[in-house]
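What follows is one structure encoded as structure tokens, with my remarks underneath.
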There are 6 protein chains.
Amino acid sequence: MTQAQQAAVSRFPVPDLQDMPEDIRARIVAVQEKSGFIPNVFLTLAHRPDEFRAFFAYHDALMEKPGNLTKAEREMIVVATSGVNQCQYCVIAHGAILRIRAKNPLIADQVATNYRKADITERQKAMLDFAMKVSQTAHLVGEADFEALQAHGFSEDDAWDIAGISAFFGMSNRIANVTNMRPNAEFYSLGR
Amino acid sequence: MTQAQQAAVSRFPVPDLQDMPEDIRARIVAVQEKSGFIPNVFLTLAHRPDEFRAFFAYHDALMEKPGNLTKAEREMIVVATSGVNQCQYCVIAHGAILRIRAKNPLIADQVATNYRKADITERQKAMLDFAMKVSQTAHLVGEADFEALQAHGFSEDDAWDIAGISAFFGMSNRIANVTNMRPNAEFYSLGR
Amino acid sequence: MTQAQQAAVSRFPVPDLQDMPEDIRARIVAVQEKSGFIPNVFLTLAHRPDEFRAFFAYHDALMEKPGNLTKAEREMIVVATSGVNQCQYCVIAHGAILRIRAKNPLIADQVATNYRKADITERQKAMLDFAMKVSQTAHLVGEADFEALQAHGFSEDDAWDIAGISAFFGMSNRIANVTNMRPNAEFYSLGR
Amino acid sequence: MTQAQQAAVSRFPVPDLQDMPEDIRARIVAVQEKSGFIPNVFLTLAHRPDEFRAFFAYHDALMEKPGNLTKAEREMIVVATSGVNQCQYCVIAHGAILRIRAKNPLIADQVATNYRKADITERQKAMLDFAMKVSQTAHLVGEADFEALQAHGFSEDDAWDIAGISAFFGMSNRIANVTNMRPNAEFYSLGR
Amino acid sequence: MTQAQQAAVSRFPVPDLQDMPEDIRARIVAVQEKSGFIPNVFLTLAHRPDEFRAFFAYHDALMEKPGNLTKAEREMIVVATSGVNQCQYCVIAHGAILRIRAKNPLIADQVATNYRKADITERQKAMLDFAMKVSQTAHLVGEADFEALQAHGFSEDDAWDIAGISAFFGMSNRIANVTNMRPNAEFYSLGR
Amino acid sequence: MTQAQQAAVSRFPVPDLQDMPEDIRARIVAVQEKSGFIPNVFLTLAHRPDEFRAFFAYHDALMEKPGNLTKAEREMIVVATSGVNQCQYCVIAHGAILRIRAKNPLIADQVATNYRKADITERQKAMLDFAMKVSQTAHLVGEADFEALQAHGFSEDDAWDIAGISAFFGMSNRIANVTNMRPNAEFYSLGR
């Protein structure tokens, strides 16, 4: 794969696999073997190895950790907030993961456009209300917002998780928009 | 089909096919025969026959008329503006139509999220810039906006078409959000 | 009346009356005989006969239909939402109609600027709160908004009517702003 | 005139004329003799004599001073910015003054709704562009905005005047909205 | 002090002290003797003597008058609203005064950035909620907002004071941003 | 230090130093020895060790890496974007660091309130224009924005750095607002 062919992946340079640090290449190869393709976020961030390592460590700390939020619910947070932030890569890539995690081919397009009308529970809508407030007007978050979560059975640690995912992907949305990070063609149809 | 079963189509009552005025039933049956299912916008608006007739007459006047805009381009306008207006029905239903018209399985998700990053021409981006300004801040539209269209070869009549489609679907977006108009399951996978 | 003289009516071409399709000319002549002048929305839209027909059919379906909303209340919805959308034609033309329908020379200027401070009932303010939410943030409309209407005695069909009028004139506002549709001088003083 | 009868003037207490400090009563009587009625802004602010004096001193310093802006142009600034700030008193009262100053019965309604479509000169539109930026996003005003004024022949002192009027009436708009300051019935028809 | 040296005070001309009208020079000299320096708002506004006089008369009427709001609380209103209006002069100069009035070296930076997280009472947060609504969306202020103040023991006159200060400094923020009014270096460290 | 005493640091639990994982305690002790106090962001994030590690790895990758942006310029980006995001912790803590890095006691308060009026170079204002667009409307970032940076001599890698810092601290701003992360008292006076 030449750099020219990779041009569309990102508006910034994308290194060749063989030129990447060993740990980064190893992670990418592992993803490729599991998924059958390399999601472009890995190639885009490989331009900056230290940021790559911190980004995925943070990602995993929020998305892979044990906790009350299901993996599908975590992806709902990503998809809903990325939709409002108009991040093409995040909506399309995490929309695919959401469909797979939720075993529901319809849910990602619903949540990406307007989660208030999606086929999800009232509890999940309260989760997304909180995530959206963190995403759009975090300076206004106050105790009433935590109480609204508690009324649906969310713990304090769940609140942190929701906020953390919303905040982390807000960063990711901005990076993807600035780098013109291109969603892989595979994501569009996964889980449908 | 009982009213209870139809509850999910719209938060307002949906009439049974046999209770609809003849012309409305005829149009719905024709769509059903062509598409294999009845798009829910037809059932939702059938609650108001006069509005149904005017809505589809207006729709056809803008979407079926001859003109320089291709049918795919008209659907791009619908999808881009409906995305920003957070209209689930319009994004999902017209996203399907856009995929079919453009013979491109990826384009609808791109345009719905952020058309500025989509695989479309600079001319189409200028078209969507104008459509978006009409949709979001029409009071600011001025001659400079028309000149930007002309620079890409759009005629005065094309400008009217772009504005008309943006304005009409802005109305449709609002109706769909207020009625909780539900996208048919068929739309999600059409054209992928 | 030459086309040059009509230039100010719209930034798009305005056909001569004798060149219009018979049904459109007939409607315009009827309005002229009743009102004493031709409102410029008729001349502007006559550039597009099919859109003209659909527009006025839709208009009549919402504004002339039987229902609980008085004709003055329907015009209040038009004037309040057109004010926020900064549509000169709609505020001035429908302001005149509101003054006449409400037999109140002061109400239109009040409602156009800030209906919350207008000499209208609390019930009418609740109606306009709903109309304004449909106009500005329809994606956020939910059951609590319908309940607020019900608390003032509005039926489900009234809610549809309010939303429909708000949505239709949101389209109209955008068309008027894009076409530079000019309010006829007669409207400014009617009903004062 | 009892206080009860004056209730509608303001949501705050309105003093009786004979209870006002002499200088304030004198100014009000002079206005009444000239206009034939007492504009409610005088009665509302008379609740706070020191603020009354400062308010009208400031008003006169901006609106009565010599300078290149005509009196009609100063009123255009008031009406355009008050429209966007949704201030009923200011739009209706200063709309009347604008009609009189400009000897134009149509101009106030045009400028209040969308000055970009009003029958005013390009120079006046540039003046209102600057006034609107001061009103809505003053933190973004920079040298390019002053240069746009200069290109239309406005001096540095004109720029100060435009900004001062926009800023002063922004204050006035807020006070009028908080006090529910009611426009006198006389204003609606003056100058039409 | 030459005009060239004063250039940084304001983007508009600043008169020499000896060229100012006697009353204005007297006020400035008095401030200089008390503070040890001349705050630049005095020099900037001295370009316009009548506006200078009205501005400070209004300022004193709101900030020096007797009333239930402490002087520190009045400065909190200035600092919080000026922060959101992005007014450098007002945040820095009144931040200094707030630190002094409140005898608290930390409070100004807290209130300027996000008063909801500041070390102030719930009553003071309610005061600032009202001030902020007046500053940003005065057209939406209604009786519920006054009731929220009353629940914290604020009188009707306190409500007027809060609104008046918010509105007056909204004007001041706009003037400072347009004139590039420069905060004196002394303010940054006062009261820390 | 008991948990009760730590309550003000964060609205979430803060672990005792001796209960933290060794690597986290080591980093905190090192910071304490260097700074003389423990910045509360370390204590707040210690509640989540994996997120702590990723957060500071990311922070260091952006703020400590070699590159054309000076350390002071990187802090300007943090302070300007945190000001608009209304993040008290970030403005106050990074304001202190900016004063130290820039050896300028005035710059932080200027940049936090309105960098357009700050004593910085045109090149630095262009840097902050880009950072602010990434922070507030990243979906609109396009090639014209990169060209504006290039015109001031910024490289492609500088653009990535600016965007990365803006995006990372946008995440940090949201976390600080949700956790009520309290700025240490020491930060307010450092570098003044």
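The values are calculated or read from the model by the stated rules, or taken from the named source; none is laboratory data. Model, not experiment: these values are computed from the prediction. Positions of Cβ are backbone-derived with ideal geometry, glycine not excepted, and every protein chain shown enters the neighbour counts. Calculation scope for accessible area: heavy atoms of the full protein, side chains included, ligands and nucleic acids excluded. Shrake-Rupley method; radii C 1.70, N 1.55, O 1.52, S 1.80 Å.
Some observations on this one:
- Summing Cβ point charges (Lys, Arg +1; Asp, Glu -1) relative to the Cα centre of chain D gives a dipole of roughly 640 debye.
- Surface exposure of the range C:148-192, expressed per residue as accessible area with a 1.4 Å probe, stands at 28 Å².
- For the range A:149-164, 3J(HN,Hα) computed residue by residue from phi via the Karplus equation (6.51, -1.76, 1.60; θ = phi - 60°) reads 5, 4, 4, 9, x, 7, 7, 4, 5, 5, 4, 4, 4, 4, 5, x Hz, glycine and proline entered as x.
- Subset of B:K125/C:K71; C:K71/D:K117; C:K103/D:K71 violating a 31 Å alpha-carbon distance limit: B:K125/C:K71; C:K103/D:K71
- By accessible area, using a 1.4 Å probe on protein heavy atoms only, chain C has 53% of its surface on carbon and sulfur.
- About its Cα centre, the range E:136-186 has a charge dipole of approximately 500 debye under the convention of +1 per Lys or Arg Cβ and -1 per Asp or Glu Cβ, with nothing else charged.
- Protein heavy-atom accessible area occluded, A/B pair - total, 1.4 Å probe, Å²: 2100 Å²
- In chain B, the calculated helix contribution to ellipticity at 222 nm averages -20000 deg cm²/dmol per residue, counting -39,500 (n - 2.57) for every DSSP H run with n ≥ 4.
- Taking the chain by itself as reference, the range B:155-182 contains these residues with an accessible-area loss of 30 Å² or more in the full protein complex (1.4 Å probe, heavy atoms): B:E156, B:D157, B:W160, B:A167, B:M171, B:R174, B:I175, B:N177, B:V178, B:N180, B:R182.
- Between the range C:19-46 and the range F:132-160, the alpha-carbon center distance in angstrom: 52 Å
- Ordering D:S82, D:A138, D:A167 by the projection of their Cα atoms onto the charge dipole of the range D:71-189, which places +1 on the Cβ of Lys and Arg and -1 on the Cβ of Asp and Glu, puts D:S82 at the extreme positive end.
- Rg/Rh for the range A:101-167, where both radii come from Cα atoms and Rh is the Kirkwood radius: 0.97
- Highest-MSF residue in chain C out of C:V141, C:V41, C:V111 [GNM, Cα springs under 10 Å]: C:V141
- All Cα pairs of the protein assembly as shown, percent lying beyond 62 Å: 9 percent
- Rg of the Cα atoms in the range C:71-189, relative to 2.2 N^0.38 Å, amounts to 1.01.
- Sites listed here are trypsin sites (Lys or Arg not before Pro) in the range B:60-151 whose DSSP assignment is loop and whose Cβ has at most 13 other Cβ atoms within 10 Å: B:K103.
- Note on chain A: GNM, Cα springs under 10 Å; of A:Q18, A:Q124, A:Q150, the largest mean-square fluctuation is that of A:Q18.
- For the protein assembly as shown, the Cβ-based charge dipole about the Cα centre amounts to some 0 debye (Lys, Arg positive; Asp, Glu negative; other atoms uncharged).
- Here the Karplus curve 6.51 cos²θ - 1.76 cosθ + 1.60, taken at θ = phi - 60°, turns the phi angles of the range A:136-146 into couplings of 9, 9, 4, 5, 9, 5, x, 4, 4, 6, 5 Hz, with x standing for Gly and Pro.
- Probe 1.4 Å, protein heavy atoms only - accessible area per residue of the range A:1-114 in square angstrom: 38 Å²
- A Gaussian network model of chain D, with springs between Cα atoms under 10 Å, assigns the largest mean-square fluctuation among D:P13, D:P49, D:P39 to D:P49.
- List of the range A:107-134 residues, accessible area with partners at least 10 Å² below that of the chain alone (1.4 Å probe): A:D109, A:Q110, A:T113, A:N114, A:R116, A:K117, A:D119, A:V134
- Remark on the range E:10-48: accessible area falls by at least 50 square angstrom from chain-alone to full-complex state for E:R11, E:F12, E:R48, probe 1.4 angstrom.
- Taking amide hydrogens as placed 1.01 Å from N in the peptide plane, the amide H of B:M20 sits under 5 Å from that of no residue at least 5 positions away in sequence or on another chain.
- log10 of Debye I(q)/I(0), alpha-carbon scatterers only, for the range C:14-63 at 0.22 Å⁻¹: -0.77
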